[in-house]
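S.K.: Below is the structure I would like to discuss, written out as structure tokens.
Each value in this text was obtained by applying a stated rule to the coordinates, not by laboratory testing. Source: prediction; values computed, not measured. Note that we place each Cβ from the backbone using ideal geometry, even for glycine, and neighbour counts take in every protein chain shown.
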């Protein structure tokens, strides 16, 4: 199952903050994992809700 990003601006937000873009052929999930590994995203713990936020 694939999900669409709610707005084009949401798709550009990582790049607007200086994060690397998706690699050619890279799956969305792999891209998110790479951003987490590289420190561009930080997990936020909320009861029952997995959330990611931009690292500042």
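S.K.: May I ask you to list the residues in region 22-39 that are part of a helix (DSSP H, G or I) and loosely packed, with under 10 Cβ neighbours inside 10 Å?
M.R.: Listed by number, the residues that qualify are 29, 37.
S.K.: Which of the residues that make up region 14-40 are touching a residue at least 24 places away in the same chain (Cβ under 8 Å) and under 9 Å from the mean Cα position of the chain (by Cα)?
M.R.: Residues satisfying the conditions are 14, 28, 40.
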